[in-house]
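Presented below is the structure to which this report refers.
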Amino acid sequence: MNYPSIAAQIVAAVGGRENLSHVMHCATRLRLTCLDESKINADAIADIEGVKGVFSAKGQFQIIFGSGTVNQVCDEVLKLTGNQPVVQPPKEAQGNVVNCFIKMLSDIFVPIIPAIVAGGLLMGINNIFTAEGLFVSGKTLIDLYPQFADLAGMINLFSNAAFTFLPVLIGFSATKKFGGNPYLGAVLGMIMVHPDLMNAYSYGTGAVVPTWNLFGLSIEAVGYQGTVLPVLVMSFFLAKLETQLHKITPSWLDNLTTPLISILVCGFITFLAVGPMLRTAGNLLAFGISWLYHSLGFIGGGLFGLFYAPIVLTGMHHSFIAIETQLLAEAAVTGGSFIFVTASMNNVAQGAAVLAVLATTKDTKLKSLCSASGISALLGITEPAMFGVNLKLKTPFYAAIIGSAVGSAYVAFHHVLAVALGAAGLPGFISIRPADWPHFAIGLALSMITAFVLTWILAKKPQSSQAGKIKAKAELNNIDDQTCVAPAEGTVKPIEESTDRTFREKLMGDGFVLFPENGQVCSPINAVVKFIFPTRHAIGLVREDGVEMLIHMGINTVSLNGAPFEIFVEEGQNVQAGQPLARMDLQQIRQAGCSEEICCLFTSPTAFSWTVQGAVAQAQPILTLGEKQ
């Protein structure tokens with residue numbers, strides 16, 4: 001197939017690049033969202049090579065190609081459109097507000113995780129050079145070996161870069177997620193950390209705050225280094241403003257005025273209203289937490305530890321700098337800072353939860369992410385762990401905040417305090433009063449053990465018990481190569497009963513649909529895993545004789561970006577009929593407005609006869625298969 005030619009014909013037949021709003025694909029279909037559907041020439045598209053059918057549903061124009069072809073065509077379409085269309089689920093499939101917010105944060109932060117991980121690990125290396133008393137009492141490694149001073153200075157610069165310019169990274173990623181030009185988002189982030197502004201970490205320390213005086217308004221010229229929430233909010237506003245300007249601006253003027261107006265308006269709003277408002281909210285939150293901690297003792301410490309991670313999600317934890325600086329400056333009176341101690345409990349709990357996921361998951365990509373982000377969290381940088389793993393899977397995040405609460409309550413009860421800033425995590429001993437080291441160590445251990453064990457229990461117990469039942473059923477049935485079993489407990493019907501038009505009309509092949517009672521999915525046949533779709537909603541199997549089967553979990557679930565699915569197998573792995581393949585979160589799928597039905601299609605022409613229809617148990621034989629036709 002000539003994929004570039006096919007893509008060019010499609011773009012022309014839907015009204016050109018300017019008519020395309022979003023481009024994405026699932027396991028079998030190219031999904032296009034167009035600004036004006038009346039411009040689509042469906043008949044011309046149906047005649048294009050490789051197209052097996054076309055239809056429009058839920059605001060998307062869907063072109064059926066089949067697995068293995070659709071991803072090639074989609075790549076070529078994105079090349080023609082300059083990669084500008086944003087892969088984004090339809091609004092009706094987004095789910096509840098909490099799930100949408102968590103998914104949004106995850107989608108924004110996952111791409112920048114490598115930069116944050118690198119900074120966190122480099123920060124740990126820098127602490128080895130600069131920590132006083134780590135090797136010799138009262139001295140740093142630099143004091144002992146001055147020739148390493150410049151090396152340590154360079155590493156310190158490298159480690160701080162990602163955090164100093166964090167709004168630039170977030171601005172790029174968030175604006176892209178919200179449908180705008182990511183380079184404009186990066187520019188907005190650069191404006192927020194411009195060196196001509198007062199550094200955000202100096203704000204609230206008594207230094208004179210520079211201001212701009214415009215038309216009677218006094219605007220503080222203060223940067224937003226290390227912040228999260230202001231750039232997130234403004235990236236959303238920037239993307240929406242840019243989109244609207246594209247719609248109303250003549251094409252000959254669009255490239256000139258749209259970027260100008262977008263940056264000018266958003267930059268002004270950032271410093272005039274949104275930034276100061278969120279900074280003030282952060283300050284109020286910080287003072288409230290300080291009162292809570294000192295007034296309620298270990299209960300206040302536990303509550304602070306419980307809510308510390310959610311506060312980090314908003315970026316408002318950076319507003320604690322002013323309070324912490326004051327506490328440390330008055331250490332002779334206050335004894336030191338409780339904020340650093342609580343942050344350490346939170347960070348190691350997040351890291352321990354990720355390590356528990358690493359120990360239980362079979363997803364190789366997730367394992368790779370867990371190993372790096374887990375170590376980073378233990379060393380004091382939690383964003384990769386929280387946004388890349390724990391928030392995505394939810395239960396590890398809940399386990400981590402409980403672990404943080406337990407450790408924080410313990411250290412608050414024993415009045416453990418920090419006398420200096422540093423890496424809040426395992427290296428945190430350097431910043432703690434020596435007399436408090438034993439209790440600090442116990443607090444860290446309590447946080448880690450609680451988070452690890454809870455994550456292990458929540459992730460492992462349901463999976464192992466259910467997998468054992470499935471395996472027992474498969475062994476009891478002694479399934480041969482000519483038998484196809486039910487992939488889940490539920491109601492099985494001919495594929496004509498599917499709610500999806502593509503499957504119902506057998507455009508991808510014949511088969512069956514199963515409406516599941518639970519989320520456990522096993523292999524219907526003895527086969528090899530041919531592919532696992534990136535969003536984990538579809539798995540392809542192939543037998544030795546060439547018979548191919550597509551297992552499609554849910555309808556329109558590609559838009560959920562893999563959130564409701566956990567995969568237990570890998571590509572190239574041999575599987576037996578009845579062996580666990582995946583787990584679906586049926587509640588999350590329903591909340592997103594999607595059907596949870598499992599469609600199993602023979603994508604190669606294959607003869608079969610029914611053994612049973614209607615209510616079935618998992619791994620119960622339902623079809624007798626013939627040879628590939």
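The values are calculated or read from the model by the stated rules, or taken from the named source; none is laboratory data. Everything quoted here is computed from the prediction, not taken from an experiment. Glycine also receives a Cβ, built like all others from the backbone with ideal geometry; neighbour counts cover every protein chain displayed.
Structure values in brief
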| read-out | value |
| --- | --- |
| Any hit, the stretch 54-62, residues being more than 28 Å from the chain's Cα centre (by Cα) and of a type outside the set (S, T, N, Q) | yes |
| Matching strands (runs of 3 or more DSSP E) fully within the stretch 28-75 where at least 2 residues are of a type in the set (D, E, K, R) and at negative phi | 29-34 |
| Qualifying residue in the stretch 357-365 (condition: within 24 Å of Thr535 (Cβ to Cβ) and without any contact (Cβ under 8 Å) to a residue 24 or more places away in the chain) | yes |
| Residue in the stretch 581-590 that is modelled with pLDDT of 85 or more, surrounded by fewer than 22 Cβ atoms within 10 Å (Cβ to Cβ) and in a strand (DSSP E or B) present | yes |
| Enumeration of residues in the stretch 492-510 that are under 34 Å from the mean Cα position of the chain (by Cα) and farther than 16 Å from Cys522 by Cβ | Ile495, Ser498, Thr499, Asp500, Arg501, Thr502, Phe503, Arg504, Leu507, Met508, Gly509 |
| Positions within the stretch 394-416 being crowded, with 22+ Cβ neighbours inside 10 Å and over 14 Å from Ala349 (Cβ atoms), in sequence order | Ala412, Val416 |
| Residue within the stretch 229-239 that is in contact (Cβ under 8 Å) with a residue 40 or more places away in the chain, of a type in the set (Ser, Thr, Tyr) and surrounded by 18 or more Cβ atoms within 10 Å (Cβ to Cβ) present | yes |
| Yes/no for Thr81 being at pLDDT 65 or above, of a type in the set (Val, Ile, Thr), assigned by TED's automatic domain parsing to the domain that holds Cys34 and out of contact with any Gly (no Cβ under 9 Å at 6 or more places or on another chain) | yes |
| Matching option when the condition is under 28 Å from the mean Cα position of the chain (by Cα) and aliphatic (A, V, I, L, M), among Val222, Val168, Val209 | Val168 |
| Of all residues making up the stretch 610-624, the number that are in a loop (DSSP other than H, G, I, E, B) and either touching a Leu at 6+ places or on another chain (Cβ under 7 Å) or under 18 Å from Ala582 (Cα atoms) (or both) | 5 |
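Yes/no matrix, rows are residues, columns are (1) within 26 Å of the chain's Cα centre (by Cα); (2) part of a helix (DSSP H, G or I); (3) within 30 Å of Val569 (Cα to Cα); (4) at pLDDT below 75:
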| site | (1), (2), (3), (4) |
| --- | --- |
| Ala273 | no, yes, no, no |
| Pro276 | no, yes, no, no |
| Pro310 | yes, yes, no, no |
| His318 | yes, yes, no, yes |
| Gln326 | no, yes, no, yes |
| Ala332 | no, yes, no, yes |
| Ala353 | yes, yes, yes, no |
| Lys362 | yes, no, yes, yes |
